[in-house]
Amino acid sequence: MSRRTSLLVALLSLAVAVGVYAVDLVVEPAVSDPGPSAEVTTVEPVAGSWVCPVGDARPGTEMVTTVARPPSNSATPSDIEVFSIGSGQRSLDRSSQLFDGAALTHATTEGDDTVMVVDWRAAPAVVHGQWTLGSDAEDADDADDLPAGIVAGSCVEPFSDRWIIPGMDTSGGAQAVLRIANPFPSDATIAVGFVAPEGALQPLALRNLSVQGRDTLEIDVNEFLPERADLAAVVTVASGRVGVQGYQLVRSAIGGIDGVSTLAAAPEPSEGWTVPWIVDGDDLASWLWVYNPGDRQALVELTYHTPDGGIVPDGLAEVVVDPGELRRVDLRGTLPEDRNVVAVSTRSDGAPVVVSAANELRSDDEQRSGFAVQLGAATPDVAWTVSGGSTTDRVEQLHISNPGGSSATLSVDVFSGVTVQRPDELQEVTIEPGAQRVLDLDEHLGDVDAWTAFVTASSGEVVVGRVGSSEAGRRNLVAVPGVPSSAWQTESSGQAVVRDDGLLTRYATALGIARGERLPTAPRQPDPDPEPLPDSELENDVEGPDDEPPADPDPDVEDPDEPIGDDEADGANGDEDPDEAPDDDGTDAGDDTDASVGARLDEDLFGRTTAEATGDEDDDGDDDADEADES
């Protein structure tokens, strides 16, 4: 009898459980009224890190890092710690607090291959680096045969598993160098590949590289791919985390142009890009590098931004870039007849690409020549931060474009190292849709050792870039985009988790999860068994300097586009050591004898016309228009 009773009880329990489950599937639990839809708000994260891969203290150079606290509605200061890393070691160089609208500078003194890392807590900070080559006349020839100039730009946040530099040059007297910095204690494993107009190129020696923890790996691209006028680099991170930058050198002894420039890396492609500074004219040239890393053809539309609004370049309404292709787009002869300076935006709906631009300034006086590479800005933003070095005998400007469809109104605050200035000429500046404005900073700053400009739009969104040049002697050209607020802010709906009590308890936000919404996923893991590379693609294998020539092409060579498998990786995961505690620790440039460039270049190079430079009225007598563009 007891056995029968036990069986009956078990069957009844099972029936009740099945019934409850079935009811729960059919009957949606009651959810409390969530009320009005929550508005997505922008919030500040509480901690972050920047690494500056390019720039050290080798002889004849000077590296200065500028850390700035963007303005906000919070009175909380940013806690700053500046570290130098190298040879597996990390040392704390400086700790400080920064309040809204302030900045500090730090000079590197440790020597070769030292990389600066800046950690911030409590409130966001933005970091720029400026590496001056040949900073002392007597040391100019000692800087590892580096031409004199300034390598400047923002540092990077080392959290992407892929970095793309869409344009570089190793032909003639040009040299391209990549710097991969690992600020974390564990080693990282990477692969470096390249793309040329004829297709992908994968040096065998660069397929499986280990970057030691708290150290830097430098790759001279010329050693692997010399005499290539158009190259894109793709750095894939198989394990760990790294920051990637490069620098481009051009030498007048071979190419007739002297200059250096940052090669900034994009962490991901985008459908839209804006380059703040494009030039054209006698002895001036600009071109775009457009790389399509996807599997769909990209139809890229171009728009120039001028003081009068947006226009379509003559003969360049649309550029076709095939999947996997790197294309060079020459912009010579496409600017409006009355303009030597514009900004350019690209749009490739449905096929994200990566875009950078090169600017070339030739001169009979090689010291007045220059070269700059600018990675485009992926999206316009409401706030930007731009930093620079000494303004003595220099023209320093902000080139601001409005690629959107509505007017933008903005103001600029400038921190000169001691005080915050708000010049009347830089307040409530209106930029019409598609238009561009050039704002002079040097006349408001005077002679200072370092500066930071904070651009804030009260309406609309813009793209901001820095353009600078010495007024006499060596040009020391700088052209770089600023840092948008999306780099230091994040979006949040502000929705707290709520409990839904039904037959089964569930947890969600008051707004629930939208149907079809995908939850965040981890980065794509390396394929341990990649598909073999087709024989036809082996023609693009490139031997490294230390490689033995292969006897025969191996049909089992892995695809260069595939990430490195875990079993091939030399290093461990690059996340923080689990046993280690979190770290708490323009106007005339003074070169009137330059016949090839002349006074017109120095007047027009930075977007100034003769009327703007002298303050004369337009022919139509419109003082307001001149005042808006006045330098």
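The values are calculated or read from the model by the stated rules, or taken from the named source; none is laboratory data. Everything numeric in this text was worked out from a predicted model, so none of it was measured. Because the Cβ atoms are built from the backbone with ideal geometry, glycine has one as well, and the counts that use them run over all protein chains shown. Heavy atoms of the whole protein, side chains included, go into the accessibility calculation; ligands, DNA and RNA do not. Shrake-Rupley method; radii C 1.70, N 1.55, O 1.52, S 1.80 Å.
Run down Val195, Val237 and say which single residue is more than 28 Å from Glu360 (Cβ to Cβ) and β-branched (Val, Ile, Thr).
Val237
Quick one: in the range 441-488, of everything that is among the charged types (D, E, K, R) and modelled with pLDDT of 95 or more, which residue is least open to solvent (accessible area, probe 1.4 Å)?
Arg466
I'd like to verify a number: residues in the range 248-279 that are open to solvent by less than 30 Å² (accessible area, probe 1.4 Å) and either modelled with pLDDT of 95 or more or touching a strand residue (DSSP E or B) at 6+ places or on another chain (Cβ under 6 Å) (or both), how many?
20
How about the range 344-438: which strands (runs of 3 or more DSSP E) wholly inside it have at least 3 residues that are within 23 Å of Gly149 (Cβ to Cβ)?
354-361, 370-375, 383-388, 394-401
Could you list, in sequence order, all residues of the range 314-336 that are crowded, with 20+ Cβ neighbours inside 10 Å, closer than 14 Å to Thr303 by Cα and not β-branched (Val, Ile, Thr)?
Leu331, Leu335
Condition check ((1) out of contact with any Phe, Trp or Tyr (no Cβ under 8 Å at 6 or more places or on another chain); (2) polar (S, T, N, Q)) across all residues:
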position: Val279; (1), (2): yes, no
position: Asp283; (1), (2): yes, no
position: Ile311; (1), (2): no, no
position: Val329; (1), (2): no, no
position: Val342; (1), (2): no, no
position: Ser345; (1), (2): no, yes
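When you look at Ser74, is it more than 19 Å from Ala450 (Cβ to Cβ), modelled with pLDDT of 90 or more and of a type in the set (S, T, N, Q), yes or no?
No; evaluated as a whole, the condition is false for this residue.
Report the residue count in the range 203-231 for those that are surrounded by fewer than 18 Cβ atoms within 10 Å (Cβ to Cβ) and of a type in the set (Val, Ile, Thr).
0
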